[in-house]
Amino acid sequence: MKNVMVVIDENNSSYDVLVWVLQNLKAISDSNKLLIFAKQPQSSVTPISLSSSVAFAQLFYPFSPSGELIRLAQQKNMKIALGILEKAKKICGNHGIKADTFTDVGDPNEPIHKIIQERKVNLLVMSDQQNQSLKKCLHNTYCSLLVVEKGIRIN
């Protein structure tokens, strides 16, 4: 049994990568698993980090986001990620493939590495843009990596 994991985000190129995988990898069948991980968008609201120049920071950042504002931003990001996964599941369904989906808050390197280990992923597929930001999760990971270059053509 082979497990293939595709990393997607809010970019349309992620869906192109997913369609490419569904059309070109014959390894995905009923006996194999397709896993999809949605990278959540970065929160635009982050708390200020305290440093020796707090007065300077207050000049340019006069307020500190409240816990409620941060929670609302995280909820918005979760909704976006769930919408991304729902669209991906529809695309998979159109190709007759059932996929398991995952998302997590924060830096995606940790959960991707954990899923690869726990689900014994044989092949990790991502776009070249994602490869740049997710290089950390690939260290000490024993699976093949397929990076799909920008500008792929779907026939």
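The values are calculated or read from the model by the stated rules, or taken from the named source; none is laboratory data. All values reported here derive from a predicted model rather than from experimental measurement. Note that each Cβ is placed from the backbone with ideal geometry, even for glycine, and that neighbours are counted across all protein chains shown. Each accessible area value is taken on the protein alone, full model and side chains, heavy atoms only, with ligands, DNA and RNA left out. Shrake-Rupley method; radii C 1.70, N 1.55, O 1.52, S 1.80 Å.
Every test in (1) modelled with pLDDT of 85 or more; (2) open to solvent by 80 Å² or more (accessible area, probe 1.4 Å) is passed by Met5 save one, and that test is (2). For the range 35-50, the set of residues classified as in a strand (DSSP E or B) and at pLDDT below 90 consists of Lys39 only.
Scanning the range 17-34 for residues that are at pLDDT 75 or above and either farther than 16 Å from Arg119 by Cα or among the aliphatic types (A, V, I, L, M) (or both) turns up Val17, Leu18, Val19, Trp20, Val21, Leu22, Gln23, Asn24, Leu25, Leu34. Starting from the range 82-108, keep only residues that are farther than 17 Å from Asn32 by Cα and at pLDDT below 90, then list their pairs with residues that are open to solvent by 80 Å² or more (accessible area, probe 1.4 Å) and assigned to a helix (DSSP H, G or I) whose Cβ atoms are within a distance under 9 Å, requiring at least 6 positions of separation or different chains. Final answer for the pair search is Asp104/Glu110; Asp104/Lys114; Val105/Gln74; Asp107/Lys136.
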